[in-house]
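Colleague: Please find one structure pasted underneath; my questions will follow.
The values are calculated or read from the model by the stated rules, or taken from the named source; none is laboratory data. This is a predicted model, so every value here is computed, not measured. When we count neighbours, we look across all protein chains shown, and the Cβ atoms used for this are built from the backbone with ideal geometry, even at glycine.
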Amino acid sequence: MSWVTTSVVMAGANAYGQIQSGNMAGKQAQMQAMQSDWLAEQAHDDGLRQAAIIRRAGARQVSESNAAYAGAGVSVGQGSALDLERQTMREVQQDAFQAILNGDRQARGLQLEGVNARTQGSMARTAGRINAATSLMSSASAGLKSSGWRSNGPGFSNTQAPAPVEIRKFG
């Protein structure tokens with residue numbers, strides 16, 4: 001095998017390796033993005049579950065208060081007892097909405113991480129292809145220079161003499 005063939009094979013292998021490296025980084029980023037998406041769904045669901053727990057606890061608290069009022073002979077559903085029940089339910093709803101809001105905020109942050117991971121993966125794949133092309137061009141240029149292409153053969157280096165001009169006469 002000649003040195004030219006070896007150089008071409010090495011350049012091709014190097015380019016292939018760079019493309020594969022970019023593809024692998026892209027696949028890893030895709031997996032990271034999928035994990036972020038899954039975690040985002042979990043965060044959203046956790047917020048909803050937390051809100052449901054808060055609402056159940058609030059309803060239980062109101063029921064226990066009403067039972068205590070009724071046991072003490074206070075009229076339930078009117079006057080101060082009703083005001084306290086409404087205030088308790090307002091606070092319960094505020095806490096439940098805050099739990100949902102927190103879950104959604106966390107989910108949006110994780111979704112953004114997924115978008116960023118996908119973008120990085122795409123950029124890694126593109127960089128792998130660009131690096132492969134650059135490597136091939138660099139290897140080709142080095143091979144041509146080592147064979148004398150730009151110095152003493154036909155080329156575009158301003159170091160060779162101009163082509164001879166022939167004047168032909170017709171007739």
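Colleague: Within the bounds of the stretch 72-88, is there any residue that is hydroxyl-bearing (Ser, Thr, Tyr) and within 50 Å of the chain's Cα centre (by Cα)? Step through it out loud before you land on a result.
Modeller: In the first step, residues of the stretch 72-88 are kept if they are hydroxyl-bearing (Ser, Thr, Tyr); the result is 75, 80, 88.
When the remaining residues are screened for being within 50 Å of the chain's Cα centre (by Cα), the result is 88.
Checked against the condition, which is being hydroxyl-bearing (Ser, Thr, Tyr) and within 50 Å of the chain's Cα centre (by Cα), the stretch 72-88 yields at least one hit.
Colleague: Further question: Please specify each residue of the stretch 18-27 satisfying the condition of being over 10 Å from the mean Cα position of the chain (by Cα) and in contact (Cβ under 8 Å) with a residue 40 or more places away in the chain.
Modeller: 18, 19, 20, 21, 22, 23, 25, 27
Colleague: Any residue in the stretch 11-28 that is surrounded by 12 or more Cβ atoms within 10 Å (Cβ to Cβ), outside any helix (DSSP H, G or I) and out of contact with any strand residue (DSSP E or B) (no Cβ under 9 Å at 6 or more places or on another chain)?
Modeller: no
Colleague: Let me ask something else. With the checklist (1) among the β-branched types (Val, Ile, Thr); (2) touching an Asp or Glu at 6+ places or on another chain (Cβ under 9 Å); (3) part of a helix (DSSP H, G or I) in hand, flag the one item residue 100 doesn't pass.
Modeller: Evaluating residue 100 over (1) among the β-branched types (Val, Ile, Thr); (2) touching an Asp or Glu at 6+ places or on another chain (Cβ under 9 Å); (3) part of a helix (DSSP H, G or I) leaves (2) as the failure.
Colleague: Right, another one. Residues to consider are 87, 106, 111; find the one that is within 30 Å of residue 19 (Cα to Cα) and either without any contact (Cβ under 8 Å) to a residue 12 or more places away in the chain or of a type outside the set (Gly, Ala, Ser) (or both).
Modeller: Step by step, each of 87, 106, 111 is checked, and only 111 is within 30 Å of residue 19 (Cα to Cα) and either without any contact (Cβ under 8 Å) to a residue 12 or more places away in the chain or of a type outside the set (Gly, Ala, Ser) (or both).
Colleague: Restricting the search to the stretch 58-87, which residues are outside any helix (DSSP H, G or I) and either exposed (fewer than 13 other Cβ atoms within 10 Å of the Cβ) or in contact with a strand residue (DSSP E or B) (Cβ under 7 Å, 6 or more places away or on another chain) (or both)?
Modeller: We begin by selecting, within the stretch 58-87, every residue outside any helix (DSSP H, G or I); these are 72-78.
Listed by number, the residues that qualify are 72, 73, 75, 77, 78.
Colleague: Inspect the stretch 22-41 for any residue being more than 26 Å from residue 123 (Cβ to Cβ) and touching a helix residue (DSSP H, G or I) at 6+ places or on another chain (Cβ under 6 Å) and give the result as yes or no.
Modeller: No, the stretch 22-41 contains no residue that is more than 26 Å from residue 123 (Cβ to Cβ) and touching a helix residue (DSSP H, G or I) at 6+ places or on another chain (Cβ under 6 Å).
Colleague: Of the conditions (1) at pLDDT below 90; (2) touching a helix residue (DSSP H, G or I) at 6+ places or on another chain (Cβ under 6 Å), residue 50 fails just one. Which one is it?
Modeller: Result: residue 50 fails condition (1) only.
Colleague: Hey, another quick one. Looking for something part of a helix (DSSP H, G or I), more than 36 Å from the chain's Cα centre (by Cα) and not charged (D, E, K, R) - is there at least one such residue anywhere in the stretch 44-57?
Modeller: Going residue by residue through the stretch 44-57, those that are part of a helix (DSSP H, G or I) are 44-57.
From what is left, the residues that are more than 36 Å from the chain's Cα centre (by Cα) are 56-57.
This time we only want the ones that are not charged (D, E, K, R), so: 57.
For the stretch 44-57, residues part of a helix (DSSP H, G or I), more than 36 Å from the chain's Cα centre (by Cα) and not charged (D, E, K, R): present.
Colleague: Checking the structure you have, find out if any residue of the stretch 145-159 is assigned to a helix (DSSP H, G or I) and at pLDDT 85 or above.
Modeller: no
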